Each structure stands twice: as C-alpha cells, then as structure tokens.
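Take a look at the structure set out below.
The values are calculated or read from the model by the stated rules, or taken from the named source; none is laboratory data. Everything numeric in this text was worked out from a predicted model, so none of it was measured. Neighbour counts run over all protein chains shown; Cβ positions are idealised from the backbone, glycine included.
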Amino acid sequence: MILDTAIETKDLLPALERFWKVSAQKIELINNEYDDSQGSPVFTIEGKYSTRGWTEWTQGFQYGSEILQFDATGDTSFLEMGKRNTVEKMAPHVTHFGVHDHGFNNVSTYGNLLRLMNEGRIPESEWERNFYVMALQASSAVQAKRWTSIPSGGYIYSFNGPHSLFADTIRSLRALAIGHQLGHSIMGEHDRKTSLLERLVQHAKATAEFAVYYGEGRDFYDVWGRTAHESIFNLNDGNYRCPNSQQGFSPFTTWTRGLAWIMVGAPEQLEFLKTVDDTELEPLGGRDTIEAMLLKMTTATCDFYIENTPTDGIPYWDTGALNSHKLGEDVYERESEPFNDAEPVDSSAAAIGAQGLLRLGRYLNEPRYTQAGLTVMKTLLSDKYLSRDKSHQGLILHSVYHRPNGWDHIPDGQSVPCGESCMWGDYHARETALYIQRLANDEPYYKFYL
C-alpha cells in the first residue's frame, strides 16, 4: 500500500455523507425487492441479492445495517426496521448451536440496540433492555459451549466440526465479552460454572498460536503476519496437526478475508480488556501476557495487509492464488484492478480490515495504521467501489464469497468475479464508516462492548 499521510477523518465527511445516502437507498431496495422466504441474503448476482451458503450467518448483518443507518443519520424509520426485524426474525440465531457466528448475527442486532440505549440514542425502556440483555446472555453461552479442549486451553470450533478452528471466529468473541460484562457464564452438569472471559482468552490464544505466523520458522512459508484460514486438530489427543483453508486458495497462502477478521477481532478485544479488572485476568495468565499476545497478533496481521495489498488499499482475495503471478511482480505497486483477467479483488476484506487498522492505530497512537485504514476507506468510498447504480442492491462492489467453490458471479466478458457485493462487506463498510464519522465529529467512541 501507499499510505495517504495527509488524510484525516474529517476529510472523509463529504464522502461519508454521500455514502449514507447510497446506503439508505440500498437498504430500502432490498426490503422492497428481496424475497425473505428464500433465506438470508448473502451476495449479489447481477446486482440482486441471492442466498447461498453453509449456514444462515448473514441475517444479522442485514438487520444490523438498518440499525447502523439510524445510528449514522438519525433517521428513525431505519431504527424501526432494525428493531422489528430483530424481534421477529433473530430469535433462532440466539440459540443456534450449530455455528460459530454469534458475534456476527447477534452483536450486530441485539448488541447494537443495547449499545444505542446505553448511549442515550434511543429511549430507555426496561422491557426492551431486558429483552436485549437476555438475548445477548443466551447467545454468549451458546457460542462458548461450542468448545474443543486442547492441551494449551481450547477454542470455539467452526461449523466444520470439533477439529476445526477458523480465523473468522475471533470476531465472535464479541458475544462472550458482552456476556461476561452482563455477569453471565456457562452452567454445566452439577451446576459447574465456566467463565466466558476464560473461554474468550483461551480462544484468542489458540488463534494467535495456530492461525497466525510470525516469521519464527514454524514452516517453510512462515512470514510475519501470514494467516491460515483453518487450523486442524487431532481430537484423540488435542494436538495441532496442520493448517487448512476452506475459502482461500491453500493452507499455505493467505486468504485475505480470514486475515481481515483477525485484524479487526483482535484489537477490539484489546480495547475491551481495558474494562476488565486485573484480578479477573490474573488466573488466565495476567494482563501483560494476554495483551502482549493480542497485540502481537494484531500488529502482525495489519503489517501483512499493508505489505501485501495494492497501493489503494484493496487486496486481492488470496495473496498466493493460482493465477496471481499473471498480475505481475509489481501488483502491490499499483492500484487494485477489479476487472483483471487473473484473480479477483475482495472489497469485503478491505471493509473489514480497515476498521482493524484504525483501531490498532488508535490503540498504539501509531499514525501508520491510522493512515492505512483511512486510505482503504477513501478508496471504498470512491466511485471505483461504491455502488451508484440505483438498481443494484449491493453497497460496496467487487467482493468475493467462495472462489474455490465457484459460487461468485462472473459477468459476461469477464474472467473473474467482479461487480458484485456481499452482506458482510456492506455491513462492515457501514461499521467502519460509522467509526470514522464518530471520530471526525468528536462523538462517542464506537465500540461493541458495554
């Protein structure tokens, strides 16, 4: 990347104003045109949202977007949409034992609504507050119960099964953090109580140890910040076996959306830990050790992103995919090219990763990461990536869902997927836009925790 060292958060306010107008139009278009009976909207085909996936992991992003739209603009019609849809449609996600996505679905809906009430942005209501609290407490325990123990601790296992640790899941630690703050825990046989904070720390530690590389000779391809999408364990003895990738090109290349999930999930937890008393962290290894682990993971992944991304901040979907060599040795010395004939870019990884860069920059008071995050968002807010076609339901163009499975739409005349959007990319673009807007306007800091 080439960082724009002059740009400040306030410089993006005009682009953000346009962004939220486009965002409102997209939300209304989906509500008017999308058939809910087919399942949650996942990604667009020829500009229309369709559903295809392993689990219903995107519905919280759909309704969470309505809540963020209100948050950013004050338009209460979007608040009412988000409230109604959360109440009517999100309950199955609260007790969904089959997924690792509780931090996606439930914190984006119930969590955002509780946050707005805590901020005084929506009226205080005892029954509403209790409703959101109960949903978040239940979600936190359900997510933390999806657990595999290993010699060094354990992890929340992915929907692939108990042997599988996904990079993505570090962002579902949001659910455990809120549950812990709400005084909740997991209750097992004989009323055995398990700490949500303990499981949060142990999962973060497993992610840092097995999903992220630090250039310390772990394997032949070990470089600072490289990330494996999936880590595989032997369930007979709990020992780590190998890296793997479900949606990336290979176990030994970096799928950039998996990288981005860690980039944003880890610094959020660093921020959250500031609210936790030292006495609670001492039995889990102590504050210094835990924060050092999270900071190393965050810094490594953010550094890798900066070093392995085109100049405008939008990465290709995988840093070592089959046809990457066709992009040329100078691929990271020029702007991203969505309409190339070799490998697709992934704007959703950019939308997710930008927030991580910004949070790390603020945490460390380090301009390099802040400027990197603003550079990414400047590009996403431009006509190159913002979907201005009023008939296109997507907000941010040129995302990729599952390249190996061939699920992404390739337009006529093109060689790789391009021109389409996804629900998680659109949601996280909104989250990052709100984050920047609040900083620029000296408004309350945007955070997931209480």
### Summary
Within the range 325-372, the count of residues that are over 25 Å from Arg171 (Cα atoms), of a type in the set (S, T, N, Q) and in contact with a strand residue (DSSP E or B) (Cβ under 7 Å, 6 or more places away or on another chain) comes to 1
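If you check Gly98, Gly120, Gly103, which single one turns out to be within 20 Å of the chain's Cα centre (by Cα) and surrounded by fewer than 16 Cβ atoms within 10 Å (Cβ to Cβ)?
On the way: Gly120 fails: within 20 Å of the chain's Cα centre (by Cα); Gly103 fails: surrounded by fewer than 16 Cβ atoms within 10 Å (Cβ to Cβ).
When all the criteria are applied, what remains is Gly98.
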### Task
Select from the range 194-244 the residues that are of a type in the set (S, T, N, Q) and buried (at least 21 other Cβ atoms within 10 Å of the Cβ) and list them in ascending order.
Gln202, Thr207, Thr227, Ser231
### Query
Of the residues that sit in the range 345-378 and are of a type in the set (Ser, Thr, Tyr) and either within 13 Å of Thr301 (Cα to Cα) or touching a helix residue (DSSP H, G or I) at 6+ places or on another chain (Cβ under 7 Å) (or both), which one is surrounded by the most Cβ atoms within 10 Å (Cβ to Cβ)?
Ser347
### Options Ser399, Ser415; residue that is of a type in the set (Ser, Thr, Tyr), in a loop (DSSP other than H, G, I, E, B) and surrounded by fewer than 21 Cβ atoms within 10 Å (Cβ to Cβ)
Ser415
### Task
Would you mention how many residues in the range 1-10 are closer than 21 Å to Glu335 by Cα and either of a type in the set (Ser, Thr, Tyr) or free of Cβ contacts under 8 Å to residues at least 24 places away in the same chain (or both)?
2
### Query
From the list Ile170, Ile122, which one is in contact with a Phe, Trp or Tyr (Cβ under 9 Å, 6 or more places away or on another chain), more than 30 Å from Lys21 (Cα to Cα) and modelled with pLDDT of 95 or more?
Ile170
### Query
Can you tell me which residue in the range 89-129 is farthest from Tyr445 (Cα to Cα), limited to those that are hydroxyl-bearing (Ser, Thr, Tyr) and touching a residue at least 40 places away in the same chain (Cβ under 8 Å)?
Thr95
### Message
Can you confirm whether Glu56 is touching a Gly at 6+ places or on another chain (Cβ under 9 Å), surrounded by fewer than 20 Cβ atoms within 10 Å (Cβ to Cβ) and farther than 15 Å from His428 by Cα?
### Response
yes
#### Entry: Odd one out for Ile290 among (1) surrounded by fewer than 24 Cβ atoms within 10 Å (Cβ to Cβ); (2) closer than 21 Å to Asp346 by Cα; (3) of a type in the set (Val, Ile, Thr)
(2)
### Message
I'd like to check which helices (runs of 4 or more DSSP H) are fully inside the range 246-358 and have at least 1 residues that are farther than 29 Å from Val42 by Cα, of a type in the set (A, V, I, L, M) and over 20 Å from the mean Cα position of the chain (by Cα).
### Response
278-281, 287-307
## Note on the structure
Of the residues in the range 171-216 that are hydroxyl-bearing (Ser, Thr, Tyr) and under 25 Å from the mean Cα position of the chain (by Cα), the one that is farthest from Glu291 (Cα to Cα) is Ser185
### Task
Any chance you could count how many residues in the range 353-367 are out of contact with any Cys (no Cβ under 8 Å at 6 or more places or on another chain) and over 16 Å from Asn308 (Cα atoms)?
10
## Note on the structure
Exception for Phe61 within (1) at pLDDT 95 or above; (2) aromatic (Phe, Trp, Tyr); (3) farther than 23 Å from Met134 by Cβ falls at (3)
### Message
One residue is enough: does the range 124-146 have a residue meeting the conditions more than 21 Å from Tyr449 (Cα to Cα), of a type in the set (Val, Ile, Thr), in contact with a Leu (Cβ under 8 Å, 6 or more places away or on another chain) and surrounded by fewer than 21 Cβ atoms within 10 Å (Cβ to Cβ)?
### Response
no
